[in-house]
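J.: Here you go, one structure.
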Amino acid sequence: MSSSSGLTFKLHPLVIVNISDHYTRIKAQSGSASPLPRVYGCVLGVQTGRTVEIFNSFELHYDATQNVLDRAFLESKQEQYKKVFPKYDVLGWYSTGSDIQDSDMLIHKALTDINESPVYLLLNPAINHAQKDLPIAIFESELHVIEGVPSLIFVNASYTIETVEAERISVDHVAHIKPSDGSSAATQLAAHLTGMHSAIKMLNSRIRVLHHHLVSIQKGEAPYDHSLLRQVSSLIRRLPAIDSSRFQDDFLMEYNDTLLMTYLATITKCSSTMNELVDKFNTAYDKQNRRGGRSTFI
């Protein structure tokens, strides 16, 4: 059934990449477990009038065996993203699978206190080479009367892919590094590094031969070859061109920028881990104080 709300949905590639990465990590951690795991998360974006634009997403903790959503984790992530992206709101949630499950409506209703009409994005991770469209479906919830009982049901909504310049560059880069011969990215990286090692090894051996010949000429063990010496001199004169002060300044600037980005990423990761640790400690401390009748000081 198609949606009748009249909303226009625009989906950005970053959301698709995030969901795919989430599923790939969980699948790798679970090994060969069957059935394939489902992953859950929230989608973020902006609604302007009748246009809903989905920009980003983050993961959720959901216990599928007990149908329990970790509300504390959801609120914590929502607060963190709100500090970085103040204009983004939680528009709904996502999961993976080939079709809608009965438990999906429970999660959908649990998020109505954050968004009264949440969006449900479903990604099918199964590979189908015959399918030309993206394996993604967006659903809205509508109230329908079924056999005299009002019930919420999922209805399919159409969407378009929206990209900005930075996303187009990123997607193009990913498309170029994606293996096209069926091999894994690790295999391609190993082949690339092996080729570089062979080239450096060959260059080193040729430099040694050239150095040995020059030493022989200097000792008088080999005749002077003026043509060869001119070529060697030409090669040597090129070396200072990459050892200028301008090159050193540019190199150090790029090197320092890279170290700074790595340092900031490490600080951000450590801060997030510490924040989660403090939240867990406060929760345990509150439970202990409630049992003992004391107040919380943290």
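The values are calculated or read from the model by the stated rules, or taken from the named source; none is laboratory data. Because the structure is predicted, anything quoted here is derived from the model rather than measured. A quick note on method: Cβ atoms are made from the backbone with ideal geometry, for glycine too, and the neighbour counts reach across all protein chains shown. All accessible areas refer to the heavy atoms of the entire protein, side chains included, with ligands and DNA or RNA removed. Shrake-Rupley method; radii C 1.70, N 1.55, O 1.52, S 1.80 Å.
J.: Which value in nm describes the separation of the simple spin-label points at Ile100 and Lys87, placed 7 Å from the Cα toward the beta carbon?
T.: 3.2
J.: Before I look further, what does the chain give for accessible area per residue, probe 1.4 Å, in whole square angstrom?
T.: For the chain, the solvent-accessible area averages 71 Å² per residue.
J.: Assuming a ≥ b ≥ c are the square roots of the Cα gyration tensor eigenvalues, decide whether the range 39-145 counts as rounded (a/c under 1.5), prolate (otherwise, with a/b larger than b/c) or oblate.
T.: Note, shape of the range 39-145 comes out rounded.
J.: Let me ask something additional. Full-extension gain between Glu254 and Ser233, please, as 0.36 nm times their residue separation minus the C-alpha to C-alpha distance.
T.: Contour length minus the Cα-Cα distance gives 4.4 nm.
J.: Can I ask one more? Mind checking which of Glu75, Glu140, Glu59 has the largest fluctuation in a GNM of the chain, springs on alpha carbons under 10 Å?
T.: Between Glu75, Glu140, Glu59, it is Glu75 that shows the largest mean-square fluctuation.
J.: What is the set of long-range amide H partners of Gly92 at a cut-off below 5 Å, with H atoms built 1.01 Å from backbone N?
T.: Long-range HN contacts for Gly92: Val43, Val119.
J.: State which stretch of the chain is the longest one without any exposed chymotrypsin sites (Phe, Trp or Tyr not before Pro), exposure meaning a DSSP loop state and at most 14 other Cβ atoms within 10 Å.
T.: Longest stretch, sites excluded: 1-223.
J.: Also, quick follow-up: If you take the Cα atoms of the chain, find Rg, then find the Kirkwood Rh from the mean of 1/r over all pairs, what is Rg/Rh?
T.: A ratio of 1.17.
J.: Now a separate question. Of the DSSP beta bridges with both residues in the range 1-129, give the percent that are antiparallel, rounding to the nearest 5.
T.: Roughly 65 percent of the DSSP beta bridges within the range 1-129 come out antiparallel.
J.: Continuing with this model, one more query. Just grab the label-to-label distance for Ala284 and Lys269, each label 7 Å out from Cα along the Cβ direction, in nm (one decimal).
T.: About 2.4 nm separates the two model spin labels.
J.: If the label point is 7 Å along Cα→Cβ of Gln29, which residues in the range 261-291 have backbone nitrogen under 14 Å from it?
T.: The answer is none, because no backbone nitrogen lies closer than 14 Å to the label point.
J.: Now for a different question. Using a Gaussian network for the chain with springs between C-alpha atoms less than 10 Å apart, which of these wobbles most: Arg238, Arg25, Arg38?
T.: Comparing Arg238, Arg25, Arg38 in a Gaussian network model of the chain, the most mobile one is Arg238.
J.: Taking only Cα atoms, what is the 0 to 90° angle, nearest 10, from helix 71-84's long axis to the longest principal axis of the chain?
T.: Its long axis makes an angle of about 50 degrees.
J.: Please work out how much accessible surface Lys77 shows to a 1.4 Å probe, ignoring ligands, DNA and RNA, in Å² rounded to 10.
T.: The accessible area comes out at roughly 50 Å².
J.: To the nearest 10 square angstrom, how much accessible area does Asp279 have with a 1.4 angstrom probe?
T.: 60
J.: Another question, if that's okay. Below 25 Å, Cα to Cα, which lysines can Lys27 reach? Residues fewer than 8 away in the same chain don't count.
T.: Hits, sequence-local ones excluded: Lys77, Lys132, Lys178, Lys269.
J.: Let me ask something else. Quick one: Karplus J couplings for the range 136-145, per residue in order, coefficients 6.51, -1.76, 1.60, θ = phi - 60°, nearest Hz, x for Gly and Pro?
T.: Those phi angles translate into 10, 10, 10, 10, 10, 10, 10, 8, 10, 8 Hz.
J.: Another one. Using θ = phi - 60° and the Karplus curve 6.51 cos²θ - 1.76 cosθ + 1.60, what whole-Hz ³J(HN,Hα) does each residue of the range 251-256 get, with Gly and Pro shown as x?
T.: 5, 5, 5, 5, 5, 5
J.: Could you state how much accessible area Ile236 has, in square angstrom rounded to the nearest 10, with a 1.4 Å probe and all protein chains kept in place?
T.: 100
J.: Give me the angle, in degrees from 0 to 90, between the Cα long axis of helix 13-30 and the longest principal axis of the Cα atoms of the chain, rounded to the nearest 10.
T.: Tilt relative to the chain: about 90 degrees.
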